[in-house]
1. So, residue 102, is that one more than 15 Å from the chain's Cα centre (by Cα), over 20 Å from residue 35 (Cβ atoms) and surrounded by 11 or more Cβ atoms within 10 Å (Cβ to Cβ) or not?
2. List the strands (runs of 3 or more DSSP E) that sit entirely inside region 1-94 and contain at least 2 residues that are within 27 Å of residue 117 (Cβ to Cβ) and in contact (Cβ under 8 Å) with a residue 24 or more places away in the chain.
3. It is to be established whether one or more residues within region 4-22 are more than 25 Å from residue 132 (Cβ to Cβ), among the hydrophobic types (A, V, I, L, M, F, W, C), modelled with pLDDT under 95 and open to solvent by 70 Å² or more (accessible area, probe 1.4 Å).
4. Is it the case, given these coordinates, that residue 110 is touching a residue at least 24 places away in the same chain (Cβ under 8 Å), farther than 24 Å from residue 128 by Cβ and not acidic (Asp, Glu)?
Amino acid sequence: MPDESEVSFSLALREGYAFTVDFGDAGIPPMTIDETPPLGHNEGPNPSRVLAASIAGCLGASLLFCLRKAHVDVATLQAEVRVTNGRNEKGRLRVKKVAVRLAPSVPVDQQFRMDRCLEIFEDFCVVTASVREGVEIDVKVDTRPA
């Protein structure tokens, strides 16, 4: 596909279940992800929270982009995210639902310009649309001597 692009980054085990994520970009500082207790030590967000934050961040950016194109002055934009985890049919823990509430602050006299954006912005969010449709995941394990 001609419109495909790719980025690469790395994760390295720190200790326990904590990983340092290096995005390989001088402008983006490394980030720690970790599992919650009792497995991990909560040294950073767990992968489920990172997924949910990615969904909310993408939705917020998509809405903001559309509103700005519609000449709506957005003073602030807040997002609240709720992640519901549950067991699948095999008893494995899974992210069952991500609920996002976006709260843009806009002038009353410009709110009528929001209608079209509210109809279409979700479709332009790369992360949300990808998760909803399903994402191909290719996994390989290369064992290295310790």
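The values are calculated or read from the model by the stated rules, or taken from the named source; none is laboratory data. Computed from a predicted model, the values in this text were never measured in an experiment. Every residue, glycine among them, receives a Cβ derived from its backbone with ideal geometry; neighbour counts consider all protein chains shown. Heads up: the accessible areas ignore ligands, DNA and RNA and are worked out on the full protein's heavy atoms, side chains in. Shrake-Rupley method; radii C 1.70, N 1.55, O 1.52, S 1.80 Å.
1. Taking the combined requirement at face value, the residue does not satisfy it.
2. Fully inside region 1-94 and qualifying: 76-87.
3. no
4. yes
Yes/no per residue for (1) among the charged types (D, E, K, R); (2) over 30 Å from residue 13 (Cβ atoms); (3) exposed (fewer than 14 other Cβ atoms within 10 Å of the Cβ):
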residue: 40; (1), (2), (3): no, no, no
residue: 75; (1), (2), (3): no, yes, yes
residue: 94; (1), (2), (3): yes, no, yes
residue: 137; (1), (2), (3): no, no, yes
